[in-house]
1. Do we find a residue being away from the ligand (no atom under 16 Å from the Cβ), loosely packed, with under 15 Cβ neighbours inside 10 Å and outside any helix (DSSP H, G or I) anywhere in segment 78-98?
2. Which residue pairs have Cβ atoms under 9 Å apart, sit 6 or more places apart or on different chains, and have a first residue in segment 364-379 that is farther than 18 Å from His341 by Cα and a second that is assigned to a strand (DSSP E or B) and at pLDDT 95 or above?
3. Of all residues in segment 148-172, how many are more than 13 Å from the ligand (Cβ to nearest atom) and either of a type in the set (A, V, I, L, M, F, W, C) or outside the structural domain of Arg105 (by TED's automatic domain parsing) (or both)?
4. Among the listed residues Phe216, Phe243, identify the single one that is within 16 Å of the ligand (Cβ to nearest atom), within 25 Å of Leu122 (Cβ to Cβ) and in contact with a Phe, Trp or Tyr (Cβ under 7 Å, 6 or more places away or on another chain).
5. With the requirement that a residue be surrounded by fewer than 21 Cβ atoms within 10 Å (Cβ to Cβ) and without any contact (Cβ under 8 Å) to a residue 40 or more places away in the chain, what does segment 129-142 give you?
6. When you go through Lys179, Lys160 one by one, which is the residue that is in a strand (DSSP E or B), touching a helix residue (DSSP H, G or I) at 6+ places or on another chain (Cβ under 9 Å), in contact (Cβ under 8 Å) with a residue 12 or more places away in the chain and open to solvent by 20 Å² or more (accessible area, probe 1.4 Å)?
7. Taking the condition touching a residue at least 40 places away in the same chain (Cβ under 8 Å), away from the ligand (no atom under 15 Å from the Cβ) and more than 14 Å from Val112 (Cβ to Cβ), does Thr145 pass?
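The values are calculated or read from the model by the stated rules, or taken from the named source; none is laboratory data. The model shown is predicted, which means the values in this text are computed figures rather than measured ones. Note that each Cβ is placed from the backbone with ideal geometry, even for glycine, and that neighbours are counted across all protein chains shown. Surface areas here come from the heavy atoms of the whole protein model, side chains and all, with no ligands, DNA or RNA. Shrake-Rupley method; radii C 1.70, N 1.55, O 1.52, S 1.80 Å.
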Amino acid sequence: MTAYDYRQDFPLLRENKTVYIDNAATAQRPDCVLEAEKHFYETANANPLRGFYPLSLAATEQYEEARKTVQKFIHAKSSKEIIFTRNTTESLNLVAYSYGLSNLREGDEIVVSIMEHHSNLLPWQMVARQTGAVLKFLECTQEGTLPDEVLEAAITEKTKLVAVAQVSNVLGCVNPVEKIVKLAHEKGAVVVVDAAQSAPHMPVDVTALDVDFLAFSGHKLMGPMGIGVLYGKEELLEKMPPFLTGGEMISSVTREGATYAKLPHKFEAGTVNAAGAAGLAAAIRYVEKIGFDTIMAKEEALTKRAMERLKKVPHLHILGDEAPENHTGIVAFTIEGVHPHDVSEILSSDGIDVRAGHHCAQPLLEYLGVHNATRASFMFYNTPEEVNAFVESTAQIRRRMGYGE
Ligand code: PMP
């Protein structure tokens, strides 16, 4: 199957009206996802997990089926380990507020990588401020590699928690999660993985990786906006206090207090996004039907084509590794003398959608010595012709801004 075949599944891609290469920000949604959400409202619209009448039971069934689909997708041992949230940001905050605040003390160390998205940095800054723990950074090479010596020096007896992205949203590099988990566990620390940019592009196996927590968003995986996932090991989740309190997450309530519901509902306060969960399950089935082997091969070929051509454009610098296979479809770059907002506007005038700015990773950009960048990010449904159009337009930008070349 070619990208053109896959594009028939997407309302916004069928007509080839726009070159959408901002997939790391959010992916496009196929018909099957939109239909799954609609199907939920048409066949099971009642408040799930509450009523004892057939419609509410049907809503609960669709919601809990979706949880099982996610469980299998990331190879969790139990569906109790899958918490539905709004997005990666909420999942990471849940861990920070619930696990972080109750388990960290003054003098403990939290290790994060310098390439974290603000969503996997600010929650740990908050935990450090409130508990007196110290935040330490793993500094990568210019290519985005985290060398063994850096990991070994940073993860010590004092480390209580390591938070790291599996794939950087700027450099696209894949971080050595397995090694980090091994080192952290040897020191008795837990590992929180931000899989926002990995789960849509490669197989993720939480059991094989032995991670303690892992977060991702439905919308980057072609699922609906407003549904996200937190995986947590059952024994850790069991001991953690709820993040949000209120309806649906209790077992019983008195005037003075409450006993909380069992996992996973202890962490799902209020009316849940059941239609979103059903949509996410449909997106996962869609990904599984295509297969990660195909997805990865197609995305790598697009990245290779883009990088080989962009490297020939004078005054253009690609961030991260030389090799396209170390980019997970993400190509961030700068053009000397042109602000990324201008790059993005010029590309947009040619019908090409990219992201410009600091990409919610300001410490990384500052560390790399670039204050902002333009990012193209590819998905298996992008075509070689779209890559060509993007590179041709990019190659003209300096001239269009009035430079000689
Ligand atoms: N982490 C990474 C690596 C990301 O790329 C993003 C999204 N840009 C997030 C976290 C936050 O995702 P969301 O906005 O869906 O919470």
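1. Here is the first cut: in segment 78-98, the residues away from the ligand (no atom under 16 Å from the Cβ) are 78-82, 98.
Checking the rest, the ones that are also loosely packed, with under 15 Cβ neighbours inside 10 Å come to 78.
Next cut, outside any helix (DSSP H, G or I) only: 78.
Checked segment 78-98: at least one residue is away from the ligand (no atom under 16 Å from the Cβ), loosely packed, with under 15 Cβ neighbours inside 10 Å and outside any helix (DSSP H, G or I).
2. Leu364/Ser113; Tyr367/Phe137; Phe378/Ile330; Phe378/Val331; Met379/Tyr20
3. Residues of segment 148-172 more than 13 Å from the ligand (Cβ to nearest atom): 148-162.
Adding the requirement that they be either of a type in the set (A, V, I, L, M, F, W, C) or outside the structural domain of Arg105 (by TED's automatic domain parsing) (or both) leaves 150-151, 153-155, 161-162.
So the count comes out to 7.
4. Values: Phe216 fails: in contact with a Phe, Trp or Tyr (Cβ under 7 Å, 6 or more places away or on another chain).
Residue meeting the stated conditions: Phe243.
5. If we filter segment 129-142 for residues that are surrounded by fewer than 21 Cβ atoms within 10 Å (Cβ to Cβ), which is where we start, we get 129-132, 134-137, 139, 141-142.
Those that are surrounded by fewer than 21 Cβ atoms within 10 Å (Cβ to Cβ) and without any contact (Cβ under 8 Å) to a residue 40 or more places away in the chain: Arg129, Gln130, Thr131, Gly132, Val134, Leu135, Lys136, Thr141.
6. Values: Lys179 fails: in a strand (DSSP E or B).
Just a single option satisfies the conditions, and that option is Lys160.
7. Details: touching a residue at least 40 places away in the same chain (Cβ under 8 Å): yes; away from the ligand (no atom under 15 Å from the Cβ): yes; more than 14 Å from Val112 (Cβ to Cβ): yes.
For Thr145, the condition - touching a residue at least 40 places away in the same chain (Cβ under 8 Å), away from the ligand (no atom under 15 Å from the Cβ) and more than 14 Å from Val112 (Cβ to Cβ) - is met.
Here's the yes/no breakdown for (1) more than 19 Å from Ala301 (Cα to Cα); (2) of a type outside the set (Val, Ile, Thr); (3) part of a helix (DSSP H, G or I):
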position	(1), (2), (3)
Thr328	no, no, no
Glu345	yes, yes, yes
His359	yes, yes, no
Glu366	yes, yes, yes
Asn382	no, yes, no
